[in-house]
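**Q** This structure is in structure tokens; I'll ask about it shortly.
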């Protein structure tokens, strides 16, 4: 009833002409102008929002928060430790969970030139993502004295689904990343098209990546990506599984899963020429910027080493040895440095295992790279 009364009052207030309610011409014109202005404002706001989002996402720290969180932490650690030679680790989750620089900080000799270790690994990274990470770090102004590159044979095999580009989400790449990485993708035209689609509608195409940083709980658990960086410590280390050393039902189950996954890979194992080229490009980039380069072969359990088979074992060893000699890159072979009980699935170190490993690794770095000013 109240609504009807309001309507009656509104119509009663209209001027009558010939017995009918009318709206004068000036009012109609003002209404049209207001409508056009509202539409124009909407279009400008939408375009400005898309432009601002596009520009913001061209910053790798924003587009790829896993990298961004580490870069922010690295900036702080370098500022706190002026003059110490920076030693950067690039690699996969094995490095991310295995190299714990805070442990080295607590155990180092305490000299002014002790190496400043920092973990810049990215989950799932093989040589292409290692190259991408290193490019970003140099673009952001970091100048490491030493770059240590994770060497792991399974990520050098590109058979079927194992090709590293299959693990690289296109929406985590800036335009600069893409220009550098596109040559490593098997179907460049297809991926170019996907990359362009992401740029056409930056807000909609990157909505989950944006929500993953601002409001991660709004996404279903399976769609969230913040797990890749939510537990990073100040030194870039991502704590792994908190298993007690020794046998356990959990470790037995994980070993079986990994064995079932990797046995087929080793049965058809071959080093991919694309992966080999990317690895060489990582070495070349680091040297271009004045860094000394090394390969690090992180620990594997005896159980996992046992599933390689003679063919895969021989090919991987020959590749690492040949690459090291050809490029004059030193190797820290830490493959057997950890007790089996510290490797929860055969190749990821537990939190306890990473602490024991990093104490030994810090000493190995000081011994392997004395010419950088890093002394034992």
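**Q** Residues 125, 96: which one is assigned by TED's automatic domain parsing to the domain that holds residue 366, in a loop (DSSP other than H, G, I, E, B) and buried (at least 22 other Cβ atoms within 10 Å of the Cβ)?
**A** Unique residue meeting the criteria: 125.
To keep it simple, each residue is scored yes or no on (1) more than 26 Å from residue 360 (Cβ to Cβ); (2) outside the structural domain of residue 290 (by TED's automatic domain parsing); (3) part of a helix (DSSP H, G or I).
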residue	(1), (2), (3)
77	no, no, yes
88	no, no, no
102	no, no, yes
147	no, no, no
176	yes, no, yes
181	yes, no, yes
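Here's the yes/no breakdown for (1) surrounded by 18 or more Cβ atoms within 10 Å (Cβ to Cβ); (2) in contact with a strand residue (DSSP E or B) (Cβ under 8 Å, 6 or more places away or on another chain); (3) under 30 Å from residue 135 (Cβ atoms); (4) at pLDDT 95 or above:
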position: 294; (1), (2), (3), (4): yes, yes, yes, yes
position: 317; (1), (2), (3), (4): no, no, yes, yes
position: 332; (1), (2), (3), (4): yes, yes, yes, yes
position: 366; (1), (2), (3), (4): yes, no, yes, no
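**Q** Kindly list the number of the only condition in (1) surrounded by fewer than 20 Cβ atoms within 10 Å (Cβ to Cβ); (2) farther than 21 Å from residue 98 by Cα that fails for residue 275.
**A** (1)
**Q** Identify, from the list 247, 264, the residue that is at pLDDT below 95, in a loop (DSSP other than H, G, I, E, B) and on the phi < 0 side of the Ramachandran plot.
**A** The unique qualifying residue is 247.
**Q** Also, quick follow-up: What do you reckon, is residue 160 surrounded by fewer than 24 Cβ atoms within 10 Å (Cβ to Cβ), more than 22 Å from residue 324 (Cβ to Cβ) and out of contact with any helix residue (DSSP H, G or I) (no Cβ under 7 Å at 6 or more places or on another chain)?
**A** The answer is yes for residue 160.
The values are calculated or read from the model by the stated rules, or taken from the named source; none is laboratory data. Keep in mind the model is a prediction, meaning the values are calculated, not measured. All Cβ positions, even for glycine, are placed from backbone atoms using ideal geometry, and neighbour counts span all protein chains on display.
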